[in-house]
Each structure stands twice: as structure tokens, then as C-alpha cells.
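Novice: Pasting a structure here, questions to come.
The values are calculated or read from the model by the stated rules, or taken from the named source; none is laboratory data. This structure is a prediction, so every number in the text was calculated from the model and none was measured. Here the Cβ positions follow ideal geometry from the backbone for every residue, glycine too, while neighbour counts run over all protein chains shown.
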Amino acid sequence: MSTADQATGSLPLDWTTWIDDACTEVEAAGRWRAPRMFAADGHVGDLHDHRGDLAAPDVVSFASNDYLGLSTHPAVVAAAHAALDRWGAGSGASRLVTGSRPVHHDLEAALADWKGTERAVVFPTGFAANLSVLSVVAGPGVVVCSDELNHASIIDGCRLARADVRIYPHRDLAALDAALAEAPGRAVVVSDTIFSMDGDQADLTGLVEVAGRHGALVLLDEAHAVLGPDLPEASRSHDGPLVLRVGTLSKTLGSLGGYVAGPRRAIELLVNRARPYIFTTAPTPADAAAALAALDVLCSTEGDTLRSRLAGLVATVADAVGLAGHPSPIIPVVLGAEERAVAASAALLEHGLWVPAIRPPTVAPGTSRLRITLSATHTDEQVDRLMAGLSHLGVLVPADTAVVGENGVRGAA
């Protein structure tokens with residue numbers, strides 16, 4: 001009898017036995033995971049196994065979401081140091097108690113300006129941002145239409161909201177239209193703009209148009225949208241649907257935290273009703289200051305240069321694995337079987353390259369993959385090493401022989 005059967009049946013189970021059996025189930029499925037220590041400065045460092053023993057020295061990581069390398073930018077690091085000196089290590093309380101520092105307000109104003117919205121509000125993590133906004137706008141009686149490949153934070157936010165959740169097939173606007181047509185009352189359309197495992201993008205123009213015809217609120221998670229897509233102009237007009245924009249401070253901006261940007265009254269409602277905002281200690285001043293400094297870099301000519309370099313690296317690697325025109329620095333190489341993906345990741349590690357194997361339950365069975373993430377601060381030599389490692393695996397394909405995997409993502413056969 002399985003742990004689940006025992007837990008719901010009549011057999012008594014003490015908690016120690018239950019925990020041990022649950023761990024054994026994960027191990028038996030071949031999906032046991034443990035964090036590996038990466039002693040790194042930027043993309044290069046020593047990788048240790050789960051016991052802390054050195055597994056591979058001088059590894060180049062192609063696993064980070066620090067797409068522009070801003071986590072180690074001198075101006076960003078200096079801003080964090082200055083905030084530590086000025087306000088200390090922690091905020092001490094939630095924003096509505098005593099935790100709101102001037103740097104939080106400065107960051108929110110800068111984020112709103114960047115996103116072209118009236119207001120923005122900052123959260124300790126991007127996960128908390130999605131939990132907050134969905135729990136507030138999508139309560140019982142509201143229909144939420146969610147793309148089937150949305151991030152886990154969106155999935156959990158929908159569950160927390162206790163709304164009527166309807167999952168539509170990935171990027172299928174006809175199915176979305178049909179689901180909205182059947183909604184009896186208020187509706188929310190929620191979607192990643194860049195999907196975190198496939199690196200493909202939502203059709204924002206079509207999504208906003210469909211939502212607008214049905215009067216639905218649009219919630220967009222732009223966490224990975226360092227190279228776009230841009231929000232269509234229709235969503236910015238008074239005739240378009242109400243749009244709330246969620247993002248993180250930890251990817252494009254290289255810090256830690258999340259935010260929601262949108263109309264003033266919508267943001268004020270989040271401040272007053274979002275439990276992860278009300279009952280969580282505010283982001284540290286150092287994190288907020290680092291994000292603010294990173295945003296300054298991003299909106300400068302240096303930021304333009306970084307994005308341009310990143311786009312060039314994406315084109316180089318994506319073309320080589322049969323993904324010409326790929327829109328993001330998340331480049332999947334779909335290999336199918338879990339064992340094949342794990343073996344490919346291990347082989348790359350032997351070449352000093354850390355490219356993680358992504359497998360169920362993160363992705364669907366039969367779509368296990370290597371997930372390559374690129375940064376503007378990867379050097380040409382590091383990218384050449386990556387290309388050599390991929391060539392050794394036999395996953396580089398001519399552009400005109402790209403194939404489509406079961407999940408619609410092209411990659412090596």
C-alpha cells in the first residue's frame with residue numbers, strides 16, 4: 001500500500017514513518033533533488049555536491065536567470081552596500097507597520113515609470129506578487145482563464161483565490177475566447193509573457209484583444225521578458241482592458257523581490273487586501289536599493305548595449321540548436337526521456353558547463369530537456385565552450401532541419 005493510500009485509509013501512521021515513506025517514494029521515482037552549493041562570483045565558480053564536497057571546479061553556469069549580469073554590476077553592488085550602511089540589514093516589519101523605507105517608495109515610483117503605469121507596489125518575491133494579485137482580484141465567483149504552461153506561482157495563486165479556474169491549451173486564443181464566452185460574470189486572463197521552461201512568448205496582441213472583447217482583466221507575468229514582448233498599445237488606451245503587470249526584481253534586475261504595476265486604485269487595493277503584502281516583512285533595503293540601481297542601468301545606454309549583446313548571444317545559440325528566431329534567453333533542448341536529459345547535463349558538467357536537466361514534474365513526461373539560460377555578461381569564450389559541449393552531445397542541428405517536440409518547442413531530435 002502506498003503512502004497516499006495509507007494516509008487516507010484506516011491504517012495508523014506515525015508522522016516519522018509517513019515522512020520517511022514519502023521521501024522513499026520520491027527516491028524510487030528517480031526524482032530526488034537536493035541543492036548544490038555554487039561558490040560563484042557571477043557565472044563562474046566551484047560546484048559542490050549535496051554533501052558539500054567539491055564536484056567540479058571553475059564551472060561556467062548557464063543556469064542562472066540573471067540575464068543582464070546586473071547582480072554583480074559595480075553600481076548595483078555599491079547601492080546595496082550604501083543601503084546597508086544607511087538602513088541596516090533588515091526592514092524589521094511589514095510595509096504597513098514600520099518596514100517601509102524611502103528606498104521602497106523610490107523603487108516603486110521608478111518601476112511605475114518604467115512600465116508606464118500610474119503606480120507599482122513591491123513584494124519580497126515574485127512568487128508573493130502573483131499570490132497577492134490573484135488572491136485579491138480572483139475570488140470566488142470569478143472565472144480565471146490560465147495558460148496551461150503558466151508558472152507555479154500563478155497556479156498557486158489561482159488555488160489560493162478559490163476562483164473558478166479554467167486552463168486553456170498553451171497559447172490557444174480560440175480556446176481562451178470560448179472559455180471567456182462561457183464565463184457568467186467577471187473574468188481574469190492570466191499568462192506569462194515569456195514561459196519559463198520553453199522560453200516562447202505569448203501573443204500579447206491577440207490575448208489583449210480577446211480579453212478586451214469580453215471585458216476581462218488581464219494579468220501578465222513579465223518575469224522573463226528581458227527582450228520583450230512589448231505590451232501592445234491597445235492595452236494602454238482607455239478602451240482596452242484593465243491590465244496588471246507582474247514582474248520580478250531577481251531576473252532582469254539581478255536583485256530579489258517582485259512587483260505589480262497598474263492603475264493607481266488597483267495598486268491601492270493590493271496594499272489593503274493582499275495578505276502576502278500585509279503580513280510579510282518588507283524587502284530588505286539593500287535588495288530594494290540594488291534593484292533601483294539596476295533599473296537605472298537598464299534604462300541607460302549601457303542597458304541598451306547589454307540587451308543588444310544578449311539578443312546576439314540568443315540568436316547564436318538558438319540558431320545552432322534549431323530555434324531560429326527564438327525570443328528569449330531561455331533556450332530549451334528537448335530530449336524526451338528523463339534519463340537522457342540527466343545524462344546530457346552530467347556530460348556537460350564534465351566539460352565544466354552547468355546546464356540543468358529539467359524533468360517532471362516541472363515539465364510534462366516525455367519532454368525532459370536541457371534548459372540553457374544566457375546572460376549578456378557571458379564571454380565569447382564561455383559561449384564557445386557551451387557550443388563545443390553541445391556539439392559533443394550531438395544536439396546541434398542545421399537551421400533547416402529543426403524539429404518540433406511534443407510540447408511545440410523545437411530542438412534537437
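Novice: Does residue 261 qualify as being in a helix (DSSP H, G or I) and in the same structural domain as residue 130 (by TED's automatic domain parsing)?
Specialist: no
Novice: Does residue 112 fit the bill of being part of a helix (DSSP H, G or I), buried (at least 18 other Cβ atoms within 10 Å of the Cβ) and at pLDDT 95 or above?
Specialist: yes
Novice: Tell me which residues, restricted to region 81-109, are touching a helix residue (DSSP H, G or I) at 6+ places or on another chain (Cβ under 7 Å) and either outside the structural domain of residue 289 (by TED's automatic domain parsing) or surrounded by 18 or more Cβ atoms within 10 Å (Cβ to Cβ) (or both).
Specialist: 83, 87, 91, 95, 101, 103, 104, 107, listed by residue number.
Novice: A further question follows. Limited to region 330-346, what total is found for residues that are under 17 Å from residue 227 (Cβ atoms) and part of a helix (DSSP H, G or I)?
Specialist: Going through region 330-346 one residue at a time, the tally reaches 0.
Novice: Same structure again: Kindly state which helices (runs of 4 or more DSSP H) lie completely within region 271-329 and contain at least 3 residues that are under 21 Å from the mean Cα position of the chain (by Cα) and in contact (Cβ under 8 Å) with a residue 12 or more places away in the chain.
Specialist: Counting at least 3 such residues, we get 285-298, 301-320.
Novice: In region 62-111, which residue that is without any contact (Cβ under 8 Å) to a residue 12 or more places away in the chain and among the hydrophobic types (A, V, I, L, M, F, W, C) is nearest to residue 318 (Cα to Cα)?
Specialist: The qualifying residue nearest to residue 318 (Cα to Cα) is 109.
Novice: Still on this model: Filter region 19-43 down to the residues that are closer than 22 Å to residue 73 by Cβ and either in a helix (DSSP H, G or I) or touching a helix residue (DSSP H, G or I) at 6+ places or on another chain (Cβ under 8 Å) (or both) and list them by number.
Specialist: 41, 42, 43
Novice: Are any of the residues in region 166-175 in the same structural domain as residue 85 (by TED's automatic domain parsing), crowded, with 21+ Cβ neighbours inside 10 Å, at pLDDT 95 or above and within 27 Å of residue 200 (Cα to Cα)?
Specialist: No - not one qualifying residue is present in region 166-175.
Novice: May I pose another question? Out of all the residues in region 145-154, is one or more assigned to a strand (DSSP E or B) and either closer than 17 Å to residue 274 by Cα or more than 23 Å from the chain's Cα centre (by Cα) (or both)?
Specialist: no
Novice: Is it fair to say residue 59 is in contact with a Gly (Cβ under 7 Å, 6 or more places away or on another chain), buried (at least 20 other Cβ atoms within 10 Å of the Cβ) and not assigned by TED's automatic domain parsing to the domain that holds residue 276?
Specialist: yes
Novice: Taking region 255-300 as the region of interest, how many residues are of a type in the set (S, T, N, Q) and either within 15 Å of residue 70 (Cβ to Cβ) or crowded, with 18+ Cβ neighbours inside 10 Å (or both)?
Specialist: 4
Novice: Which residue is surrounded by the most Cβ atoms within 10 Å (Cβ to Cβ), if the candidates are limited to region 10-41 and must be of a type in the set (Gly, Ala, Ser) and closer than 25 Å to residue 363 by Cβ?
Specialist: The qualifying residue surrounded by the most Cβ atoms within 10 Å (Cβ to Cβ) is 22.
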